[in-house]
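Written below as C-alpha cells is the structure these notes are about.
The values are calculated or read from the model by the stated rules, or taken from the named source; none is laboratory data. Small disclaimer: the values here were computed from a predicted structure and weren't measured. Virtual Cβ from ideal backbone geometry, glycine too; neighbours counted across all protein chains shown.
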Amino acid sequence: MLVRHGLSSFNIEKRIQGRDDLSSLTDTGQEQARRTGQALEGLTIDAVYSSPLRRAADTARLLLQAQGSSVSIQHEQDLLEIDLTPWTGLTPADLAERDPAGLALWKTAPETLRLQRADGGDYSPLGELMEQAGRFLGTLLERHGGRDQTVLVVAHNAILRVLLLQLLGLPLDHFRRLRIDNASLSVLNLLPPPEGSQNTFAIQIESLNGVAHLGTPLPSPGGGRRVLLVRHGETDWNRQGRFQGQIDIPLNSNGWSQARAAGTFLASTPIDRAYTSSMARPRQTAEAILAAHPGVPLTTLQGLVEIGHGLWEGCLESEIAEGWPQLLADWKRAPEIVQMPEGESIQQVWDRAMDTWHRIVASLAPGETALVVAHDAVNKAILCALLGLGPGDIWAIKQGNGGVTVIDHPPQGPSHTPTITSLNITAHLGGVLDRTAAGAL
C-alpha cells in the first residue's frame, strides 16, 4: 500500500519542497493522516517504510496510531522526495521569473529537465529518482517477495509516481500520466508470475489515488475533460466465475446494490453525458448511477461491449482447462497472443474500445464530465492504453464490480496525454480494499 504524506505547510503556500526538510504537516495534514489510519483499521500491517522527512515520517506515525498498529517504522533514504535543491522554497511565480525554461520543461517533459548542483555539475532529478526507486523496490522484494504480507509505504508525490513506473516497467516520460494526492491511498498486489513467465513477480494495481476516506469522493478536477469509467455491478456469472463475454447476463441483487452505491457515491459529482455498452449489466448500472442525475442522456455504444469469448462463454475455468488447456495457459501468461475460439482477441477489443474512447473524449467540451459504464476487459484495455502499457498487460489492472476510475484530459485538448487521477475506487462498496467478486470476464 502506498500513502502520500498529508497536507504540508509548503503545500498550502504552493512552495516547492523537494527533499529539503523545511515544511511540516498542517493541522489538516495531521487529520488526513489519522483518517487514513482509521480507513485501514482492522487490517494487519506487517511492515512500514517511510521517508525520513518530517512530513512523511509524521504521517506514518499518526496513521499507525489511528490504525492501532504497533509495528515499527523503518525510515529509508531511498524514499526521499525528488532532489530539486536549486528550486527549494520557490513558488511557481518565483520559478517563472528565475528559471522559465526549466519550469516549462517540468510541466511538459520533466524527464528531460537538468538542474545544476552547488559545485556546478548538472544532474537529472527524475533520472536519479528512477534509480532511487529501483533500489527501494529491490530492497522491498528482497525482504518481502514471495511472502503473504501487507507492507505500507509512506512517502512523497514524485517518488511514489516513479515507484509506480518502476513496478509497471514504464519509462520516465510517463511520469505525468499518474496523480498522487495528499494522504491518498493506493493498493498494489505483487503476485506470483503465471506459469511460463520469465518475470520474478506479477504486478496488479488494485486501486490508485483513493481519497474517499478523507471526506471527498474524488480528487478535484483540473479544468479539462473528465471521464468517470465504471465497471458494471456483479452478475450471478461473476459470482460463479463463469466466462460471460457477450452473453447478456443481467445484474444480480448484489450487483444492483453495487450500482446504487456507485450512484450515491457519485451523486454530488457533475455528469453532463453518459455512455454504456449495449448489454444489460452495464446499462442497468448506468441507469442506477444516473438516478441522481435526471436529464443526463444515456447513449449506447457497440464499441464498449465485452470481449467475445466465443466457445468459452458460459464455461467455468475448470471446463475451459479440459477443452483448451494450452490456450487457457496462454491467456493467463500472454493474453495478447490469444484468439478466442470463435471469439475475439484482446487486440480487437483494444482497437474498438479505444476508437470509441477517443470519440467520447473528443465530444466533450472543456469542463464537462462523462460517465462511461462498460466491462472488465474493455476497461482494462482502455486503462492500459492510457497508462502506456500494452495488450499483454491487462492483468496488471484490476476492475472491481461497481469500481470507479477517473481520467482527466488536460485543458489543452483531447490530443494531449491524459492523467489517471484515480483507479478502481471501491470505498463505496465497503472499504479501501476491493472485495468484489473475482469472477471471470
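Yes or no: Ile159 hydrophobic (A, V, I, L, M, F, W, C), at pLDDT 95 or above and either surrounded by fewer than 19 Cβ atoms within 10 Å (Cβ to Cβ) or not assigned by TED's automatic domain parsing to the domain that holds Asp330 (or both)?
yes
Output yes when any residue across the stretch 197-205 is polar (S, T, N, Q), closer than 19 Å to Val404 by Cα and either in contact with a Leu (Cβ under 8 Å, 6 or more places away or on another chain) or in a loop (DSSP other than H, G, I, E, B) (or both), and no when none is.
Within the stretch 197-205 (the criterion being polar (S, T, N, Q), closer than 19 Å to Val404 by Cα and either in contact with a Leu (Cβ under 8 Å, 6 or more places away or on another chain) or in a loop (DSSP other than H, G, I, E, B) (or both)), the answer is yes, since at least one residue qualifies.
Output the residue which, of all residues in the stretch 128-153 that are touching a helix residue (DSSP H, G or I) at 6+ places or on another chain (Cβ under 7 Å) and among the small types (Gly, Ala, Ser), is surrounded by the fewest Cβ atoms within 10 Å (Cβ to Cβ).
Gly134
Please go through the stretch 86-103 and give me each residue that is buried (at least 16 other Cβ atoms within 10 Å of the Cβ) and either touching a strand residue (DSSP E or B) at 6+ places or on another chain (Cβ under 8 Å) or free of Cβ contacts under 8 Å to residues at least 40 places away in the same chain (or both), ordered by number.
Of everything in the stretch 86-103, those that are buried (at least 16 other Cβ atoms within 10 Å of the Cβ) and either touching a strand residue (DSSP E or B) at 6+ places or on another chain (Cβ under 8 Å) or free of Cβ contacts under 8 Å to residues at least 40 places away in the same chain (or both) turn out to be Pro86, Trp87, Asp99, Gly102, Leu103.
Only one of these conditions is not met by Trp106: (1) closer than 26 Å to Leu423 by Cβ; (2) in contact with a Ser or Thr (Cβ under 8 Å, 6 or more places away or on another chain); (3) without any contact (Cβ under 8 Å) to a residue 12 or more places away in the chain. Which number is it?
(2)
Among the residues of the stretch 353-366, which ones are over 17 Å from Leu298 (Cβ atoms) and surrounded by fewer than 19 Cβ atoms within 10 Å (Cβ to Cβ)?
The answer is Met354, Asp355, His358, Ala362, Ala365, Pro366.
Go over the candidates Ser184, Ser220, Ser207 one by one and state the one that is outside the structural domain of Ser23 (by TED's automatic domain parsing) and within 16 Å of the chain's Cα centre (by Cα).
Residue meeting the stated conditions: Ser220.
Counting only residues that are of a type in the set (Lys, Arg) and within 26 Å of Val432 (Cα to Cα), which one in the stretch 1-38 is surrounded by the most Cβ atoms within 10 Å (Cβ to Cβ)?
Step by step, filter the stretch 1-38, then rank; the result is Arg4.
Could you please let me know if Thr421 is buried (at least 19 other Cβ atoms within 10 Å of the Cβ) and either under 13 Å from the mean Cα position of the chain (by Cα) or among the polar types (S, T, N, Q) (or both)?
Against the criterion (buried (at least 19 other Cβ atoms within 10 Å of the Cβ) and either under 13 Å from the mean Cα position of the chain (by Cα) or among the polar types (S, T, N, Q) (or both)), Thr421 qualifies.
Can you confirm whether Asp83 is among the charged types (D, E, K, R), assigned to a loop (DSSP other than H, G, I, E, B) and over 25 Å from Ser8 (Cβ atoms)?
Criteria not met by Asp83.
Could you pull out the residue among Ala286, Ala291, Ala261, Ala267 that is under 26 Å from Arg226 (Cβ atoms), in contact with a Ser or Thr (Cβ under 8 Å, 6 or more places away or on another chain) and of a type in the set (A, V, I, L, M, F, W, C)?
Of the residues listed, the single one that is under 26 Å from Arg226 (Cβ atoms), in contact with a Ser or Thr (Cβ under 8 Å, 6 or more places away or on another chain) and of a type in the set (A, V, I, L, M, F, W, C) is Ala286.
In the stretch 333-435, which strands (runs of 3 or more DSSP E) lie fully inside it and hold 2 or more residues that are among the β-branched types (Val, Ile, Thr), over 19 Å from Arg179 (Cα atoms) and not assigned by TED's automatic domain parsing to the domain that holds Ala183?
369-374
Among the β-branched types (Val, Ile, Thr), in contact (Cβ under 8 Å) with a residue 24 or more places away in the chain and over 26 Å from Ala385 (Cβ atoms): which single residue out of Ile307, Ile320 fits that description?
Matching residue, one of Ile307, Ile320: Ile320.
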